[in-house]
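Here is the structure we will look at.
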Amino acid sequence: MSPKSRTRKPKSVGKEKRRPPGPPVSPIADLYRRIAPHFAVDLDQTSSLPSERLASNLYAGMHKTTNLGPGIDSKLFGEWIRHAERQADRTAAAVLWAMAQVADAPSDAEAAAAAGRLLDAGVTPPAWLAPLRTLEAAAAWKLTDVFGDFIEIVVEFRAGRRKHGMYFSIDTNHLGGYATAVLFSDSARSLLKDLERSASRMAGATVEPVGLAEARRRGVDAIAATDITSDPEVGPNYDLDRALALKRLQALPDDGVVDLSARRVPSEAEEQAQINADGAESELLVATFMAAIEQDPTRAAVRTFKEQFIRLAELAISFGRHYDDGRLVRVSPLKLNTFIGWFLPRKVMLDEVELEALPWFLDAWVDWCGERMGLTETAVDLLVDAAGVALEDADELRDSDEDERSPGMTFLEGLDMANLEDAQSAMDRRQLAMPYFGTRIRDEDYPRLNANKPDELRLLVLGELKELHLVGKDEYPSSNEPDGTAAWTAALRELVVSQLWNNDPPQVWEAAQRLRAQGLNRSEILDRLQAVLAGHVDASGMQRGAAFSSAVHIPGYLAGLATVGAGGVKGGHLRSV
């Protein structure tokens, strides 16, 4: 669905013109000089949409959304508002009133206050302001596809005698739904017709009226989800129109219902009760699925792979619970592709028999879920085809030279284990040492790292603690470096983590287990181990990636470790991190 926007788009700033030599012009003043004429064009128009979209475009440059959430460059925004107010003319008033319509609180109030001061000083506001003050939503419509992969909504607004429409789309496969596209048009009805044409091309898709309160809730939540998503896949104009879209959604009526249970922190007993309820629900679904397919004489594979089918069904339900907003048995082409191509290879370790059973399981799972969803035979055929393509892609990845295995496999890499108990113990030890697969150090993102590689383990160590982000990845303490510096802390943490990871010496893991039995968490355990190590290490001899460096005084270190968790030890020279 890609309705074309029928409103006039904000004009680009254009190429920089040559200017005569002279004192430098501030960036704010230069930007205002180039942008102001575009606001001036619409001073006498009754439609506010062009000016608001232009303001939203500007605001996008001052407002950044990251996986840490939305944020405004308040200093830049404040300078922009003050500069506009100093111009004290009608164009400046239009700039300020438009910015007040798109900025987040409290920046919207800052812009409105500046515009109000110009009004008090006798500056005439733009003609579109009076109609805008009467803005109200008239109606909304929703399109949903048969698989539940997306939702598209059109809202019609009235401002005076003028109408306009807003379209936004939501991908429901991430965080319960995140916004991917926003469009504005002078005609909501044209957007609605585009929606209906899209529905006519999709079997089972419907367009129906939707309540304004529901449209508001879905849209606001979806934009919030996009704000906290790292590198979201959004349309080309999404960032430019995001601010205006959010304000339009917030102008819709709210149902006034506050879900207090969502704000209350559950007790430990309530959390355990929920875990038990989820487990019982999953068991019932697996049993129902297995009973249904075991009665089907055409599914002989279930008798060969019964245990594997049960395991795979549990995984599919868990995927729905944790990655599909609790929709446990929903199936769709996109969800199948994510389950097969991302969840199974990166979050789960399937053995050879489970991999052999996977195609047979998916065929049965798609049929069973499709029947529960009421899907047509055509829709189920599409799902079967999508599963086949996803399986082929996953097989190609496994056969390629790319390291696309489950990150969990790194916990067992390079180990020689005699039995399952040895594997579980090694997993437990290495998860305590370094449970992360990626990190971020200042502006550098490292999404996939392998702790078995010394250089990458170093990055994981530096990225975990913010106070170590300024330590260079090749920076180690010198012989005369004082205890307690960031370089010291980083080197000690890396050495302890490396010792645990490689089980060298094994006394480190033994000490860690004793501390954990006393109720200490991972951070506290590593702090205690570092404290012991700090009293028995020569900084000048520390080497990158050394599991048990020659810089450590072994007899004293082992003696210190023996006392950990058995009466306690006041450690060395390390400050707590």
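Before moving on, here are some points about what is shown:
- For the pair LYS163 and ALA287, label points projected 7 Å from Cα toward Cβ lie 5.5 nm apart.
- Part-to-part distance (alpha-carbon centres) for the stretch 190-205 and the stretch 170-187, which is given in Å: 16
- Simple label model, 7 Å out from Cα along Cβ direction - THR485 to ALA113, nm: 4.7
- Stokes-Einstein diffusion of the stretch 41-191 at 20 °C, 1.002 mPa s viscosity, Kirkwood radius from Cα pairs, rounded to a whole number: 126 µm²/s.
- Packing-based order for 91-100, 161-170, 448-457, using average beta carbon neighbours within 10 Å, highest first: 91-100, 161-170, 448-457
- Net charge of Cβ neighbours under 13 Å - reference ALA137; Lys, Arg +1; Asp, Glu -1: +1
- Couplings for the stretch 149-162, taken from phi via the Karplus curve 6.51 cos²θ - 1.76 cosθ + 1.60 with θ = phi - 60°, read 7, 8, 9, 10, 10, 10, 10, 9, 10, 10, 9, x, 8, 8 Hz in order; Gly and Pro are left as x.
- FRET efficiency estimate (nearest 0.05) - Cβ-Cβ, ALA130 to GLU352, R0 51 angstrom: 0.10
- Over the stretch 269-369, equivalent-ellipsoid semi-axes from the Cα gyration tensor in Å: 22, 17, 13
- Using alpha carbons only: equivalent-ellipsoid semi-axes of the stretch 151-286, gyration tensor based, whole Å: 33, 19, 16
- Linear extension gain, VAL384 paired with GLU294, 0.36 nm per residue minus alpha-carbon span: 30.4 nm
- Surface listing: GLU52, GLU464 arranged by accessible area from highest to lowest gives GLU464, GLU52, probe 1.4 Å.
- Accessible area expressed per residue, the stretch 150-248, with surrounding protein chains retained (probe 1.4 Å, Å²): 42
- Solvent exposure of the stretch 306-366 amounts to 43 Å² per residue of accessible area, where only protein heavy atoms count and the probe is 1.4 Å.
- Overall form of the stretch 428-508 per C-alpha gyration tensor (a/c, 1.5; a/b vs b/c): oblate
- Working note: Karplus 6.51/-1.76/1.60 with θ = phi - 60° gives the stretch 525-531 the couplings 5, 5, 4, 5, 5, 4, 4 Hz, where Gly and Pro are set to x.
- Annotation: amide H of PHE150 within the under-5 Å range of ASP145, THR172, sequence separation 5 or more or interchain, hydrogens built in the peptide plane.
- Projected over every direction and averaged, the convex hull enclosing the alpha-carbon atoms of the stretch 132-221 yields 5.7 nm².
- Spatial separation of Cα centroids for the stretch 296-353 and the stretch 483-522, in angstrom: 37
- With 26 Å as the limit, the listed pairs LYS142/LYS163; LYS247/LYS466; LYS247/LYS335; LYS193/LYS335 have LYS247/LYS466; LYS247/LYS335; LYS193/LYS335 beyond it between alpha carbons.
- Each listed q (0.14, 0.19, 0.21, 0.30 Å⁻¹) maps to a log10 I(q)/I(0) for the stretch 299-358, found by the Debye formula over equal Cα scatterers with no solvent: -0.39, -0.71, -0.84, -1.28.
- Full extension of the chain between ALA277 and TYR446 yields a length gain of 57.1 nm, computed as 0.36 nm times the residue separation minus the alpha carbon distance.
- Label separation (ALA213 vs GLU371): 3.9 nm, computed from points 7 Å beyond Cα along the C-beta direction.
The values are calculated or read from the model by the stated rules, or taken from the named source; none is laboratory data. For clarity, every value in this text was computed on a predicted model and none was experimentally measured. Neighbour counts are summed over all protein chains in view; Cβ atoms, including those assigned to glycine, are modelled from backbone coordinates with ideal geometry. What goes into the accessible areas is simple: the full protein's heavy atoms, side chains included, and nothing from ligands, DNA or RNA. Shrake-Rupley method; radii C 1.70, N 1.55, O 1.52, S 1.80 Å.
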